[in-house]
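Input: a single structure, listed below in structure tokens.
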Amino acid sequence: MRIVFVISVVGKVKRGGESTTMGLVSFLSRHAHVTVISGGPFEHDNVRDLSFPDMPRYASLYEGLPSFIKHRLIRRLHLDPLSVRNFSFCQRALRYIVRENPDVVVFRSVGPWGAKTGRYLRSRHGIPFITIEGGWKTGERETARYGPNLHISVNPDVADYLKDQLPGVKIAYIPNGISVKDFAPYGRKAGVALPRPLFLGCGAMEEVKRFHLSIKAVHYLGRGSLLLLGKGSREASLRQLGKRLLEQRFLLDAAPYEDMPSYYRAADVVTLPSSGESFGMVYLEAMACNTPVVATLDRNRKNIVGQGGKLVNPLDIGAYAAALEDCLKTDFDNQPRKQAEKFDWSKVGPQYLNAFKGVVEDSKISFRRYPLYRRMGHRATGTRR
């Protein structure tokens, strides 16, 4: 089986969807021929790095538009800066996909323009396509409504939502995976000059992550320190709040992704109280280092965290603080690590492989049903494998 992965922002940023794609490609490469078309550096033997366009002038022009035009017109037409960049990327990727002549194309986190490109490839060249998105309802719906052969959501709630909204589209829930060997419990610990116990929060410093609740919870607890790692628009306000409530027991900094295992090992508890999480790779990474986590109680995180930490409504600051304290007092033994191992690529990878094989087989059956189209189409050339 020949697979082409198309993912635009790999190499530019390292977030859940991008880092997990690297692990998925590594797993699939042991069972299929995989080519990656990326927007930046990607660690794989068969990579076509097309570079992801920046388009700063267009982004600046977009920011200057009235809000109602941006939200009611530009975004609905998929002409916001990120979508336009994805359009440009997909247009350049098109000829390389055709040249590879794959059995299936996988568009990961490329949005509606990826699905539109896939639909063209299927119509013109008979190549089935799969879309995988990050786990947000409206965003995934905008992609899946273009009718991929299969849309994979990494969030069970979003998968159910899409099945209800798009009954004519084949939807599957398959979680993100992790290479637990890259997040070992034993190894170097980052040096953090803060009083113990140490609570760690990491991710984008944006409103949706709600790290201000972590600051308030540690303040309510009355002991321990909070280290926040990440960048974003809320940095200044979080730093101000942290210094006011926690004083010398607070630090907001940033760290390279490669150093994160050392910070997970150094922490007593990792917490991320976000209002919504597309998946939540932070939880898996921390638990793989055998560090317990405190997370928001919802179906997605209940599935991820299991017995590897505590779930809570973080809006209840007292309950949130109590959950942090419970984590400190609980002997988890190796339970966080065992929970993370359920998502290792050795367990999750076969689910993706079987799903991809199913799409390829279904596509072959469809072409057999329409011999005239097959005779005229790309597959009739004898070059398909």
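Could you tell me the distance between the Cα centroids of the range 281-328 and the range 192-211, to the nearest Å? The distance from the Cα centre of the range 281-328 to that of the range 192-211 comes to 13 Å.
Label zone of A184 (point 7 Å out along Cα→Cβ, amide N under 16 Å): in the range 230-267 this covers 259-266. Our coupling estimate for the range 270-281, obtained by passing each phi through the Karplus curve with A = 6.51, B = -1.76, C = 1.60 and θ = phi - 60°, is 10, 9, 9, x, 4, 6, x, 9, 4, 9, x, 4 Hz, Gly and Pro reported as x.
In this simple spin-label approximation, A319 and Y220 carry label points 7 Å from Cα along the Cα→Cβ vector, and these lie 1.0 nm apart. When the Cα positions of V305, Q240, T271 are compared along the charge dipole of the range 182-341, Q240 comes out farthest toward the positive end, with charges on each C-beta of Lys, Arg, Asp and Glu. Cα gyration tensor of the range 182-341, axes a ≥ b ≥ c as square roots of the eigenvalues: rounded (a/c below 1.5), prolate (a/b > b/c) or oblate? In terms of gyration-tensor shape, rounded. Each Lys and Arg contributes +1 and each Asp and Glu -1, all at the Cβ; summed about the Cα centre of the chain, the dipole is approximately 1460 debye. Could you tell me which of rounded, prolate or oblate describes the range 102-142, using a ≥ b ≥ c as the square roots of the eigenvalues of the alpha-carbon gyration tensor, with rounded for a/c under 1.5 and, failing that, prolate when a/b is larger than b/c and oblate otherwise? The shape class here is prolate. Simple spin-label estimate for L61 and K357 gives 4.9 nm between the two label positions (7 Å along the Cα-to-Cβ direction from each Cα).
In a reduced charge model with +1 at each Lys and Arg Cβ and -1 at each Asp and Glu Cβ, the range 182-341 shows a dipole moment near 320 debye about its Cα centre. Distance between the 7 Å Cα→Cβ label points at R92 and D268: 4.9 nm.
Between rounded, prolate and oblate, where does the range 36-185 land on the alpha carbon gyration tensor, with a ≥ b ≥ c its root eigenvalues, rounded for a/c under 1.5, else prolate if a/b exceeds b/c? It would help to have the intermediate numbers written out before the result.
On the way: a/c = 1.29, a/b = 1.13, b/c = 1.13.
Rounded shape, in that the Cα axes give a/c under 1.5.
For the range 144-223, chymotrypsin sites (Phe, Trp or Tyr not before Pro) are listed when DSSP marks them as loop and at most 10 other Cβ atoms sit within 10 Å of their Cβ; the list is Y186. When the listed pairs K116/K342; K209/K357; K163/K302 are checked against a 32 Å cut-off, the alpha-carbon distance exceeds it for K116/K342; K209/K357. For D344, the residues whose modelled amide H falls within less than 5 Å of its own, excluding neighbours fewer than 5 places apart on the same chain, are I178. With contacts taken as Cα pairs under 8 Å and at least 6 residues apart, the range 182-341 reaches a relative contact order of 25 percent. The chain has equivalent-ellipsoid semi-axes of 40, 23, 18 Å, by the square roots of 5 times the alpha carbon gyration tensor eigenvalues, sorted largest first. Placing unit charges on each Cβ (+1 for Lys and Arg, -1 for Asp and Glu) gives the chain a dipole about its Cα centre, and among Y220, Y283, A32 the Cα reaching farthest toward its positive end belongs to A32. Phi-derived couplings, Karplus 6.51 cos²θ - 1.76 cosθ + 1.60 at θ = phi - 60°, listed residue by residue for the range 51-59: 6, 8, x, 8, 6, x, 5, 5, 4 Hz, with x used for Gly and Pro. Taking other C-beta atoms within 10 Å as the exposure proxy, L213, L79, L166 rank L79, L166, L213 from fewest upward.
Read the figures in this text as sums done on the coordinates, not as results from a lab. Model, not experiment: these values are computed from the prediction. So basically every Cβ, Gly included, is an ideal-geometry build from the backbone, and we count neighbours across all protein chains shown.
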